[in-house]
């Protein structure tokens, strides 16, 4: 019957597909409007000329020895901000981990219920850590630039605060996910809390703790480069200045250095994790 | 009876050297940075910091300002969604050559491009794209799109390469066109994974879009930067609160969605 086959649409699901597309487009329209999505602006002659000049400069990265030495100093500053920030973060995160780890609660072990006082202390500290890590590191940097002024101090403090919150939370999770038995028997047999942690939980979790810390160091390097854009020193600050002056050649050199730095940090972090983890 | 303890593990010299090198790195970092601790801990610095912090309370709660913040919040969401959609389209277009469908040489080249797109953070892209797109959310949207295209392109390409090739080969052997064979055999198998990657990146992009504005690329970040540079601390406090609420809402939604999907 030719008539019956002609009445059937070749795609039996076409009705659903068309409806879904229309609904998506209707939802998307206000979004496109809010994001000021106007691709034709890119092709307006004035902005084309600006972008064209900037991009053609990109093809000639600046490579004078003096400029390269300056970039190298900034790159080291970026790494130093990340390292110093992470060290300070560890100074805060390790005591915080010891305080919030529930495995170390003697009252929980003895009576299966935590004492009120320690429960309140733990919960308060957890909230402080949530606050520290929920404010983006870039916003911390912006605030510290207002307090201590332009320069690496703001970057170091921003990384220290934001990473303190993250590290303490993840450290506590790693310690809690280790086998509880060793630590519990040490504690019930009268060992102190710190030895119980060091001998009962740490050997099992050490590899994971170290590998997470190294991974965070890698993130901190990326973060400190980005934080320079709000004035927190290092490679980012220099890149921001060169972009504002539309010096495409300088920006190109810095982007190449930045990509190399990220690749190098990735490599070193892989090597360290294999060695220490 | 003396118990027989197993011999201690050998101490490796390499690890010791590595630890010393790490220590040297930390010391060198602190030594080389011009940190102003002394200026930071003088009584007057502490006093001015306290004054600065006290300036944040109470957050600005006038209805007109709240509406403005809500507008910026909506702009942030729109930037993240449109940027992610752009990235999905571009990522898919780049994933086909990166999955080795047009020869090995092109695969290597496109993967290199994807690596470069991915290793430059969104914020740096935004700062660069401001030159072409001007101040405002459009530059931020493009920046999110470009960076995420690098991430998604790589993930999509890996997903496409991991699909077992037999079903597509069977369609091709029976005379289907290459595009039809890809669309009906390979794509449906990779689609669930690609969708979950895209959702995950959208979640990341919402968080990124909130701060992207500090270089002038729209959304909550631009508002924060504006009010901070005018020292309107109470308005800035409201914007920071809005950011925290957005991040908390995204975290809660993603947690709920994940639990619903994996149950």
Original post:
assigned to a helix (DSSP H, G or I), exposed (fewer than 14 other Cβ atoms within 10 Å of the Cβ) and within 14 Å of chain B (Cβ to nearest Cβ): does that describe residue A:22?
Top reply: no
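So that you can scan it fast, the table gives a plain yes or no per residue for (1) surrounded by fewer than 18 Cβ atoms within 10 Å (Cβ to Cβ); (2) assigned to a helix (DSSP H, G or I):
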site	(1), (2)
A:195	yes, yes
A:215	yes, yes
A:233	no, no
A:246	yes, no
A:252	no, yes
A:263	yes, yes
A:274	yes, yes
Original post:
Is it true that residue A:190 is over 25 Å from residue B:225 (Cα atoms), modelled with pLDDT under 90 and not in a helix (DSSP H, G or I)?
Top reply: yes
**OP:** Please verify whether region B:85-94 includes one or more residues that are within 12 Å of chain A (Cβ to nearest Cβ), closer than 30 Å to residue A:260 by Cα and buried (at least 16 other Cβ atoms within 10 Å of the Cβ).
**Re:** yes
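Which residue out of A:264, A:202, A:260, A:197 is farther than 20 Å from residue A:163 by Cβ, over 17 Å from the mean Cα position of the chain (by Cα) and touching a residue at least 60 places away in the same chain (Cβ under 8 Å)?
Working: A:264 fails: touching a residue at least 60 places away in the same chain (Cβ under 8 Å); A:202 fails: touching a residue at least 60 places away in the same chain (Cβ under 8 Å); A:260 fails: touching a residue at least 60 places away in the same chain (Cβ under 8 Å).
Sole residue among the options that is farther than 20 Å from residue A:163 by Cβ, over 17 Å from the mean Cα position of the chain (by Cα) and touching a residue at least 60 places away in the same chain (Cβ under 8 Å): A:197.
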Subject >> Of all residues making up region B:1-54, the number that are closer than 30 Å to residue B:228 by Cβ, modelled with pLDDT of 85 or more and more than 10 Å from chain A (Cβ to nearest Cβ) >> reply: 0
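Yes or no, residue by residue, for (1) within 12 Å of another protein chain (Cβ to nearest Cβ); (2) surrounded by 22 or more Cβ atoms within 10 Å (Cβ to Cβ); (3) under 25 Å from residue B:215 (Cβ atoms):
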| site | (1), (2), (3) |
| --- | --- |
| A:178 | no, no, no |
| A:184 | no, no, no |
| A:191 | no, no, no |
| A:210 | yes, no, no |
| A:230 | yes, yes, yes |
| A:256 | yes, no, yes |
| A:268 | yes, no, no |
Subject >> Selected residue (criterion: farthest from the chain's Cα centre (by Cα)) from residues of region A:29-56 that are in contact (Cβ under 8 Å) with a residue 12 or more places away in the chain and at the interface with chain B (Cβ under 8 Å from one of its Cβ atoms) >> reply: A:50
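Could you tell me whether residue B:157 is at pLDDT 90 or above, assigned to a helix (DSSP H, G or I) and within 13 Å of the chain's Cα centre (by Cα)?
Working: at pLDDT 90 or above: yes; assigned to a helix (DSSP H, G or I): yes; within 13 Å of the chain's Cα centre (by Cα): no.
Considered against the rule, which asks whether it is at pLDDT 90 or above, assigned to a helix (DSSP H, G or I) and within 13 Å of the chain's Cα centre (by Cα), residue B:157 comes out as no.
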Original post:
Any residue in region B:221-244 that is within 12 Å of another protein chain (Cβ to nearest Cβ), closer than 18 Å to residue B:84 by Cα and part of a helix (DSSP H, G or I)?
Top reply: no
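Any residue at all in region A:66-77 that is under 15 Å from residue B:128 (Cβ atoms) and either in contact (Cβ under 8 Å) with a residue 60 or more places away in the chain or surrounded by 18 or more Cβ atoms within 10 Å (Cβ to Cβ) (or both)?
Step one: list which residues in region A:66-77 are under 15 Å from residue B:128 (Cβ atoms), which gives none.
The answer is no, given that none of the residues of region A:66-77 is under 15 Å from residue B:128 (Cβ atoms) and either in contact (Cβ under 8 Å) with a residue 60 or more places away in the chain or surrounded by 18 or more Cβ atoms within 10 Å (Cβ to Cβ) (or both).
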Original post:
Right, residue A:80: in a helix (DSSP H, G or I), under 30 Å from the mean Cα position of the chain (by Cα) and within 14 Å of another protein chain (Cβ to nearest Cβ) or not?
Top reply: yes
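Condition check: within 14 Å of chain A (Cβ to nearest Cβ), under 30 Å from residue B:243 (Cα atoms), surrounded by 10 or more Cβ atoms within 10 Å (Cβ to Cβ) and in contact with a helix residue (DSSP H, G or I) (Cβ under 7 Å, 6 or more places away or on another chain). Does residue B:71 satisfy that? Outline the logic, then answer.
On the way: within 14 Å of chain A (Cβ to nearest Cβ): yes; under 30 Å from residue B:243 (Cα atoms): yes; surrounded by 10 or more Cβ atoms within 10 Å (Cβ to Cβ): yes; in contact with a helix residue (DSSP H, G or I) (Cβ under 7 Å, 6 or more places away or on another chain): no.
Here the answer is no, as residue B:71 does not meet what is asked.
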Original post:
Condition test on residue A:173, is it more than 30 Å from residue A:54 (Cβ to Cβ), assigned to a helix (DSSP H, G or I) and either out of contact with any strand residue (DSSP E or B) (no Cβ under 9 Å at 6 or more places or on another chain) or at pLDDT 90 or above (or both)?
Top reply: yes
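The values are calculated or read from the model by the stated rules, or taken from the named source; none is laboratory data. Predicted model only: the values in this text are computed from it and were never measured. Note: ideal-geometry Cβ built from the backbone for every residue, glycine included; neighbour counts use all protein chains shown.
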